[in-house]
Amino acid sequence: MTPQPDPHNPGAPPPDRARVLGALEALHARYRACDEGRIADYIPELAKADPACFAISIVTVGGEVFEVGDHARTFTIQSLSKPFTYALALADRGREHVMQRVGVEPSGDSFDSIIRLDANNRPHNPMVNAGAIAVTSMIEGDSQAHRLERMLEMLGRTMGRRPAIDEAVFESERSTGHRNRAMAHLMLNFAILDRDVEEILDLYFKQCSVVVSSSDMATMAATLANGGVNPKTGELAVRREYIRDVLTVMHTCGMYNYAGEWAYTVGLPAKSGVSGGIIAVVPGQFGICVYSPPVDERGNSVRGIRVFEDLSRSSGMHVFETWHQQGRVLDHIDRAEDPSPALPDTTQPVGDATVHKREPGPDDEAPDLH
Ligand code: GLN
């Protein structure tokens, strides 16, 4: 796999290797000892993950790779697959068909919420489970085997190698995934799904059980950063016309009910998965993956969020940061200046709630009922 010239910056020298790796090593050292979060165990096989595992990988649109920690360690892709199957469904069925069945509105609910569909009885967006199951059902093929093959082919093109499925995780999801099953039946009721629910769920569970490493995921994110062309292989993996759709829903919905705060503090289209990966895309520049299995109550990797918030502050990679618009983020990844302060602690109420109580006045006397 020969690195391609940076299509957005032809002739530009590659980023300074030592500087980028130094910044990633510093981040890794800073958050290695963080012991917050819990390994997701609602899918029993996932509980076997090693909480100490921690990797950061960057792949640029020029095909350069920068990574530290356990970047070759494999894990199941889980929800990190959702942006890619969304792109495939859009390419297979077109925008209108997909939009009629799955919205693009953040739900504010958890990833596995079965509480609501939207006013049109559609799942809110393709990044939560309900929407992703609907999207998976739209992958075209003559048979179940053909649909699976097309999905694996597409994921394979974005990562640059043929992916495998972790059969133990797949069986574990299939035998315990009753929430997903409930959502699927609800969607069958509203004709969002139109064929055998168990078959659709099998495909969805296989999709979630695809085996990846943080290197693979950074390459997949870099493919989105690079207009759909895998920068390591030069192969077209995602149709360019749908990249904008995919990045938009990642930006507004990719981090579930943390999406708003993420957009504020990190400011990049991103996706998290319950096995502990988070990917983000700096459009036109690079893809990045942080892998660390302990997740918070929203199902987002704790070390992952820490690393991204820190990196966004120090590098100015937030999409609305003026630094970002002035050049390549990796050229100033470790600049000392910090123009965007951390989000203040908003978990404590402001002031004393009792001050809002009104003192009783003369008009507040008990009404005369006679
Ligand atoms: N396979 C998982 C599920 O459907 C994916 C969820 C996730 O990664 N957030 O429950």
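The values are calculated or read from the model by the stated rules, or taken from the named source; none is laboratory data. The structure presented is a predicted model; accordingly, all values stated were derived computationally and were not measured. Note that each Cβ is placed from the backbone with ideal geometry, even for glycine, and that neighbours are counted across all protein chains shown.
Values as computed for the structure displayed
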| item | result |
| --- | --- |
| Pair list, Cβ under 6 Å, 6 or more apart: region 269-286 residue in the same structural domain as Gly227 (by TED's automatic domain parsing) and under 14 Å from Lys82 (Cβ atoms), other residue of a type in the set (Phe, Trp, Tyr) and part of a loop (DSSP other than H, G, I, E, B) | none |
| Residue list for region 228-243, filter: over 15 Å from Gly287 (Cα atoms) and among the charged types (D, E, K, R) | Glu235, Arg239, Arg240, Glu241 |
| Count of residues meeting criterion [closer than 18 Å to Gly227 by Cβ and touching a Leu at 6+ places or on another chain (Cβ under 6 Å)] in region 145-164 | 1 |
| Residues of region 138-156 satisfying the condition of being part of a loop (DSSP other than H, G, I, E, B) and surrounded by fewer than 18 Cβ atoms within 10 Å (Cβ to Cβ) | Glu140, Gly141, Asp142, Ser143 |
| Residue satisfying all of: in region 82-104; of a type outside the set (A, V, I, L, M) and free of Cβ contacts under 8 Å to residues at least 40 places away in the same chain; surrounded by the fewest Cβ atoms within 10 Å (Cβ to Cβ) among these | Glu96 |
| Scan of region 79-96 for residues that are within 16 Å of the ligand (Cβ to nearest atom) and more than 10 Å from the chain's Cα centre (by Cα), ordered by number | Phe84, Thr85, Tyr86 |
| Any strands (runs of 3 or more DSSP E) falling wholly within region 28-137 and containing at least 2 residues that are in contact with a His (Cβ under 6 Å, 6 or more places away or on another chain) | 55-60, 65-69 |
| Some residue of region 247-264 being in contact with a Phe, Trp or Tyr (Cβ under 6 Å, 6 or more places away or on another chain) and over 25 Å from Asp70 (Cα atoms) | yes |
| Flag if Tyr258 is within 16 Å of the ligand (Cβ to nearest atom), surrounded by fewer than 23 Cβ atoms within 10 Å (Cβ to Cβ) and either in a loop (DSSP other than H, G, I, E, B) or not assigned by TED's automatic domain parsing to the domain that holds Ala134 (or both) | yes |
| Residue within region 291-303 that is closer than 24 Å to Thr85 by Cβ, among the charged types (D, E, K, R), modelled with pLDDT under 95 and within 16 Å of the ligand (Cβ to nearest atom) present | yes |
| Region 300-317, subset of a type in the set (A, V, I, L, M, F, W, C) and part of a helix (DSSP H, G or I), residue farthest from Asp334 (Cα to Cα) | Val302 |
| Qualifying residues in region 9-46 (those that are among the hydrophobic types (A, V, I, L, M, F, W, C) and free of Cβ contacts under 8 Å to residues at least 40 places away in the same chain) - the one farthest from Arg335 (Cα to Cα) | Ala33 |
| In region 233-249, the residues that are in a helix (DSSP H, G or I) and of a type outside the set (Lys, Arg) | Glu241, Tyr242, Ile243, Asp245, Val246, Leu247, Thr248, Val249 |
| Region 156-174 residues that are at positive phi, paired with ones that are in a helix (DSSP H, G or I) and of a type in the set (Val, Ile, Thr) (beta carbon under 6 Å, 6 or more apart) | Gly160/Thr219 |
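Quick grid of which residues meet (1) crowded, with 21+ Cβ neighbours inside 10 Å; (2) in the same structural domain as Val281 (by TED's automatic domain parsing); (3) over 30 Å from Gly11 (Cβ atoms):
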residue: Asp41; (1), (2), (3): no, yes, yes
residue: Ala47; (1), (2), (3): no, yes, yes
residue: Asp50; (1), (2), (3): no, yes, yes
residue: Ala55; (1), (2), (3): yes, yes, yes
residue: Val59; (1), (2), (3): yes, yes, no
residue: Gly62; (1), (2), (3): yes, yes, no
residue: Val65; (1), (2), (3): no, yes, no
